[in-house]
Amino acid sequence: GDSVTQMEGPVTLSEEAFLTINCTYTATGYPSLFWYVQYPGEGLQLLLKATKADDKGSNKGFEATYRKETTSFHLEKGSVQVSDSAVYFCALRGGGSNYKLTFGKGTLLTVNP
Amino acid sequence: EPEVTQTPSHQVTQMGQEVILRCVPISNHLYFYWYRQILGQKVEFLVSFYNNEISEKSEIFDDQFSVERPDGSNFTLKIRSTKLEDSAMYFCASSSAGGPSETQYFGPGTRLLVL
């Protein structure tokens with residue numbers, strides 16, 4: 001079945017540092033890939049998505065590129081801020097009639113001033 | 001901006017009791033979902049619902065669980081006889097369409113504690 005493997009946290013960075021959170025997946029067919037973010041005390045919010053190979057999703061300075069050859073969708077940001085502190089979830093949604101999102105375990109990011 | 005809302009935000013119940021978790025999806029959305037996250041574990045899919053019937057469910061979603069859209073706005077998850085292992089954060093989500101590229105919008109969650 002579908003699965004997502006995500007870099008285990010927690011990750012602690014200083015403000016303005018470069019961020020990478022690794023995500024790899026296993027899926028049949030051509031899944032869509034998502035990054036969700038969960039700020040403290042809130043629900044899951046879509047951060048970005050990519051629906052086909054070589055697509056790049058971007059939002060709020062975050063980027064991720066759908067790499068079919070390496071089955072990866074790594075999240076990057078060039079310069080993190082304290083306000084980026086949150087839990088980040090990589091997820092996929094398979095093609096066909098499969099409605100569900102399959103999530104990774106989540107990575108807690110803490111950015112210190 | 002429209003959002004998914006969930007009530008209550010927290011619920012404490014005794015083992016064996018029935019609980020109903022409520023969700024109000026985004027108003028023009030047609031597909032509805034429930035997920036749960038046991039503390040420290042992955043967010044897991046429970047069920048999807050479209051056109052007044054279940055379209056997909058996971059092996060977690062056994063006979064103890066049921067979903068309903070009792071009116072034009074609410075979407076509920078009922079757990080008939082709660083177990084200790086049902087303690088988790090339950091998220092409702094909705095989407096406007098069912099395709100694989102469609103974004104699912106999540107509510108803030110209901111934290112359920114079974115004692």
Legend entry - Sequence-distant lysines (8 or more away, or on other chains) whose Cα lies within less than 21 Å of residue A:100: A:49, A:52, A:68, B:42, B:57, B:78
Inset, instruction - Go ahead and run the numbers for FRET between residue B:54 and residue B:101, Cβ-Cβ distance against an R0 of 22 Å, rounding to 0.05. - result: 0.50
Legend entry - Relative frequency of Cα-Cα separations exceeding 14 Å in segment A:54-113, percent: 65
Legend entry - Estimated FRET transfer efficiency (residue A:71, residue A:110; beta-carbon r; R0 45 Å; 0.05): 0.95
Inset, instruction - Obtain the nm distance between the two label points defined at residue B:71 and residue A:46 by a simple spin-label model: each point lies 7 Å from its Cα along the Cα-to-C-beta direction. - result: 2.8
Inset, instruction - Take every residue in peptide A:4-13, count the Cβ atoms of other chains within 10 Å of its Cβ, and give the average of those counts. - result: 0
Legend entry - Average beta-carbon neighbours from other chains, 10 Å sphere, peptide A:43-49: 5
Legend entry - Estimated vicinal HN-Hα couplings, Hz - segment A:65-73 in sequence order (Karplus 6.51, -1.76, 1.60; Gly, Pro = x): 10, 6, 10, 6, 5, 10, 6, 10, 8
Legend entry - Rg and Dmax [Cα atoms of segment B:1-80; Å; Rg one decimal, Dmax integer]: 12.9, 38
Inset, instruction - Would you mind ranking A:89, A:62, B:49 by Cβ crowding within 10 Å, fewest neighbours first? - result: A:62, B:49, A:89
Legend entry - Mean shadow area of chain A, taken as a quarter of the surface of its Cα convex hull (nm²): 6.6
Legend entry - All-pairs alpha carbon distance profile, the protein assembly as shown, 5 Å steps from 0, percent: 1, 7, 14, 19, 19, 17, 12, 7, 3, 1, 0
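Bear in mind that the values in this text are calculations on the coordinates, not laboratory data. Quantities reported herein were computed from a predicted structural model and do not represent experimental measurements. Virtual Cβ from ideal backbone geometry, glycine too; neighbours counted across all protein chains shown.
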